[in-house]
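S.K.: For reference, the structure I am asking about is given below.
Every number in this text was worked out from the coordinates using simple rules, so none of it is lab data. These figures come from a predicted structure and were not determined experimentally. So basically every Cβ, Gly included, is an ideal-geometry build from the backbone, and we count neighbours across all protein chains shown.
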Amino acid sequence: MNQLPDWMYHAIEQSFTCQFASTTARDIPVALPVFLNHFDPDTGTLIISSPAATKRVENVRQRPKVAILFSPVGIGPGEPQHVLLVQGLAEVDDTNLESGWKRYFAGWARRQPSTRESLARMEQVIPGYTQRAIIRVRPTRFLGWPEGNFQQSPEVVEVSQ
């Protein structure tokens, strides 16, 4: 993968949450907050997990072009102000819904430490919550605004496949 500017890596690694956008069968974009489970800086692959029975998983299967937005959410003064939009191609891995996602759990728990305690409760509230598919996103383009400066054109990094 092409080398990214350091601030783009920082925007990904330090973000509390991100917005995962996919499109519905009627080509309506839907963006929902998710926790990034893992980022591989060598390949650029971004990994999230999602309950297998969600529309998000169905959307990705049908229309794999997705986007992930990393931006400040107002959680504190140390939060990066950078804004980064990652466009890419996603694939769903649902070969092991029970525990396949657990190998990436550390990244999720690092961003939201309370997750360790809340998983059992979530499974009670939302049956099937821990039956999770893995969604891998291979970036095709990074568009970013250092320090969130939208008055400037974005820095663009195209990814050669």
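S.K.: When L32, L69 are ordered from fewest to most other Cβ atoms inside 10 Å of their Cβ, what list results?
M.R.: In order of increasing Cβ crowding within 10 Å: L32, L69.
S.K.: Compute the signed sum of charges (Lys and Arg +1, Asp and Glu -1) over the other residues within less than 13 Å, Cβ to Cβ, of K65.
M.R.: Spelling it out: positives minus negatives among the neighbours equals +2.
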